[in-house]
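First the structure, in the form of structure tokens, and then the observations on it.
The values are calculated or read from the model by the stated rules, or taken from the named source; none is laboratory data. A quick note: this is a predicted structure, and the numbers were derived from the prediction, not measured. Positions of Cβ are backbone-derived with ideal geometry, glycine not excepted, and every protein chain shown enters the neighbour counts. Areas reflect the complete protein model, heavy atoms only, side chains present, ligands, DNA and RNA absent. Shrake-Rupley method; radii C 1.70, N 1.55, O 1.52, S 1.80 Å.
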Amino acid sequence: MNQVMETAKAAERALLVGTRLSDVSKWEIEDSLDELARLADTAGAEVVERVIQHRERPDAAYFIGRGKAEEIAALYKALDATLVIFDADLSPAQTRNLEAAIGGRVI
């Protein structure tokens, strides 16, 4: 039973995504991603990469912009990730757009 639980726990391979808006310091976004990584680990996900996007304001369709979404899609495939975790509240439309662009689950 423990072996099954350990296999399930290691099943998720997560990319973490943070957005550094103009009013957020580099330290704040790094600290926020560190906390998100700890939460992902506690939930059983292995963090395989962290991505930070610098923007003046969130993109209405993708939050991070289409180009960065395409970059994350390439990383997602290259790293055999199973999940992308954003350190921001995404709208339902942004989540759908990102899942379509990335080809995987976004939370």
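Among the residues of region 59-71, are any on the phi > 0 side of the Ramachandran plot and aromatic (F, W, Y)? Looking for residues that are on the phi > 0 side of the Ramachandran plot and aromatic (F, W, Y), one finds at least one in region 59-71, hence yes. Between T95, T7, T19, the distinction of being out of contact with any helix residue (DSSP H, G or I) (no Cβ under 7 Å at 6 or more places or on another chain), of a type in the set (V, I, T) and at pLDDT 95 or above belongs to T95 only. Among strands (runs of 3 or more DSSP E) entirely within region 3-107, having at least 2 residues that are open to solvent by 70 Å² or more (accessible area, probe 1.4 Å) singles out 45-55. Of the residues in region 42-49, none is in contact with a strand residue (DSSP E or B) (Cβ under 8 Å, 6 or more places away or on another chain), of a type outside the set (D, E, K, R) and within 22 Å of S25 (Cα to Cα).
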